[in-house]
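See structure below.
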Amino acid sequence: MKVDFTGRHVEVTDALRSFSQERLDKMATYLDDIIDVHVTLSVEKHRHHAEVSLKTRNSDFLASAETDDMYASLAQAFEKLETQAHKYAGKRQASVKMISKEALVAAEETE
(Lines give C-alpha, C1' and ligand atoms only; values in the text may rest on other atoms or scores of the structure.)
Protein backbone atom coordinates (compact mmCIF):
# COMPACT_ATOMS: atom_id res chain seq x y z
CA MET A 1 0.00 0.00 0.00
CA LYS A 2 1.45 3.30 -1.11
CA VAL A 3 0.52 6.34 0.99
CA ASP A 4 1.17 9.87 -0.27
CA PHE A 5 0.75 13.03 1.80
CA THR A 6 0.26 16.54 0.44
CA GLY A 7 0.22 19.60 2.65
CA ARG A 8 -1.17 22.86 1.34
CA HIS A 9 -0.10 25.75 3.55
CA VAL A 10 0.66 23.25 6.30
CA GLU A 11 3.62 21.09 7.30
CA VAL A 12 2.76 17.37 7.32
CA THR A 13 4.31 16.22 10.58
CA ASP A 14 5.30 12.72 11.59
CA ALA A 15 2.47 12.71 14.13
CA LEU A 16 -0.09 13.36 11.38
CA ARG A 17 1.49 10.64 9.25
CA SER A 18 1.41 8.09 12.07
CA PHE A 19 -2.18 9.01 12.97
CA SER A 20 -3.22 8.43 9.36
CA GLN A 21 -1.23 5.21 9.09
CA GLU A 22 -2.89 3.77 12.21
CA ARG A 23 -6.34 4.48 10.79
CA LEU A 24 -5.37 2.95 7.45
CA ASP A 25 -4.05 -0.18 9.14
CA LYS A 26 -7.46 -0.64 10.79
CA MET A 27 -9.17 -0.28 7.41
CA ALA A 28 -6.86 -2.87 5.84
CA THR A 29 -8.64 -5.59 7.84
CA TYR A 30 -11.78 -5.39 5.68
CA LEU A 31 -10.30 -3.83 2.55
CA ASP A 32 -7.43 -6.20 1.89
CA ASP A 33 -6.63 -4.97 -1.62
CA ILE A 34 -5.73 -1.31 -0.95
CA ILE A 35 -3.37 -0.12 -3.68
CA ASP A 36 -2.93 3.62 -3.25
CA VAL A 37 -3.89 6.23 -0.65
CA HIS A 38 -3.52 9.98 -1.04
CA VAL A 39 -4.03 12.26 1.96
CA THR A 40 -4.33 15.99 1.28
CA LEU A 41 -4.21 18.40 4.21
CA SER A 42 -4.84 22.12 3.83
CA VAL A 43 -5.29 25.13 6.07
CA GLU A 44 -7.15 28.32 5.21
CA LYS A 45 -7.50 30.82 8.04
CA HIS A 46 -9.11 28.78 10.84
CA ARG A 47 -10.41 25.95 8.62
CA HIS A 48 -8.46 22.70 8.60
CA HIS A 49 -9.44 20.55 5.62
CA ALA A 50 -8.52 16.87 5.19
CA GLU A 51 -9.23 14.85 2.07
CA VAL A 52 -8.46 11.14 1.74
CA SER A 53 -8.55 9.27 -1.55
CA LEU A 54 -8.25 5.49 -1.39
CA LYS A 55 -7.94 3.19 -4.40
CA THR A 56 -8.52 -0.54 -4.35
CA ARG A 57 -8.43 -3.07 -7.12
CA ASN A 58 -12.18 -2.80 -7.76
CA SER A 59 -13.22 0.67 -6.60
CA ASP A 60 -12.21 4.12 -5.41
CA PHE A 61 -13.24 5.88 -2.21
CA LEU A 62 -13.05 9.60 -1.47
CA ALA A 63 -13.85 11.42 1.77
CA SER A 64 -13.21 14.90 3.05
CA ALA A 65 -13.87 16.82 6.24
CA GLU A 66 -13.36 20.35 7.51
CA THR A 67 -13.11 21.42 11.17
CA ASP A 68 -11.09 23.74 13.39
CA ASP A 69 -8.61 20.96 14.27
CA MET A 70 -6.53 18.93 11.79
CA TYR A 71 -6.73 15.71 13.81
CA ALA A 72 -10.52 16.03 14.03
CA SER A 73 -10.70 16.62 10.29
CA LEU A 74 -8.59 13.54 9.61
CA ALA A 75 -10.66 11.45 12.02
CA GLN A 76 -13.93 12.52 10.37
CA ALA A 77 -12.57 11.83 6.89
CA PHE A 78 -11.42 8.35 7.92
CA GLU A 79 -14.79 7.65 9.57
CA LYS A 80 -16.49 8.55 6.29
CA LEU A 81 -14.11 6.25 4.43
CA GLU A 82 -14.82 3.43 6.86
CA THR A 83 -18.56 3.89 6.31
CA GLN A 84 -18.08 3.72 2.54
CA ALA A 85 -15.82 0.67 2.85
CA HIS A 86 -18.28 -1.18 5.13
CA LYS A 87 -21.09 -0.46 2.68
CA TYR A 88 -18.97 -1.72 -0.21
CA ALA A 89 -17.94 -4.86 1.69
CA GLY A 90 -21.59 -5.57 2.55
CA LYS A 91 -22.66 -5.22 -1.08
CA ARG A 92 -19.82 -7.49 -2.16
CA GLN A 93 -20.83 -10.17 0.37
CA ALA A 94 -24.50 -9.86 -0.58
CA SER A 95 -23.56 -10.30 -4.23
CA VAL A 96 -21.64 -13.48 -3.46
CA LYS A 97 -24.57 -14.83 -1.44
CA MET A 98 -27.00 -13.97 -4.24
CA ILE A 99 -24.85 -15.73 -6.81
CA SER A 100 -24.57 -18.84 -4.63
CA LYS A 101 -28.37 -18.86 -4.09
CA GLU A 102 -28.93 -18.62 -7.83
CA ALA A 103 -26.48 -21.47 -8.39
CA LEU A 104 -28.33 -23.59 -5.81
CA VAL A 105 -31.70 -22.90 -7.42
CA ALA A 106 -30.30 -23.70 -10.86
CA ALA A 107 -28.78 -26.95 -9.56
CA GLU A 108 -32.07 -27.98 -7.95
CA GLU A 109 -33.99 -27.25 -11.14
CA THR A 110 -31.68 -29.44 -13.22
CA GLU A 111 -32.16 -32.40 -10.89
Flagged pairs (Cβ under 7 angstrom, 6 or more apart or on separate chains; first in region 11-36, at pLDDT below 95; second surrounded by fewer than 11 Cβ atoms within 10 Å (Cβ to Cβ)) are Asp33/Arg57; Ile35/Arg57; Asp36/Lys2
Condition check: at pLDDT 90 or above and not β-branched (Val, Ile, Thr). Does His49 satisfy that?
yes
Strands (runs of 3 or more DSSP E) contained in region 1-70 and holding at least 3 residues crowded, with 18+ Cβ neighbours inside 10 Å
34-44, 47-56, 60-67
Quick check on region 73-90. Is at least one of its residues in a strand (DSSP E or B), of a type in the set (Ser, Thr, Tyr) and closer than 17 Å to Gly7 by Cβ?
no
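The values are calculated or read from the model by the stated rules, or taken from the named source; none is laboratory data. Note that this is a predicted model, so its numbers are computed, not measured. So basically every Cβ, Gly included, is an ideal-geometry build from the backbone, and we count neighbours across all protein chains shown.
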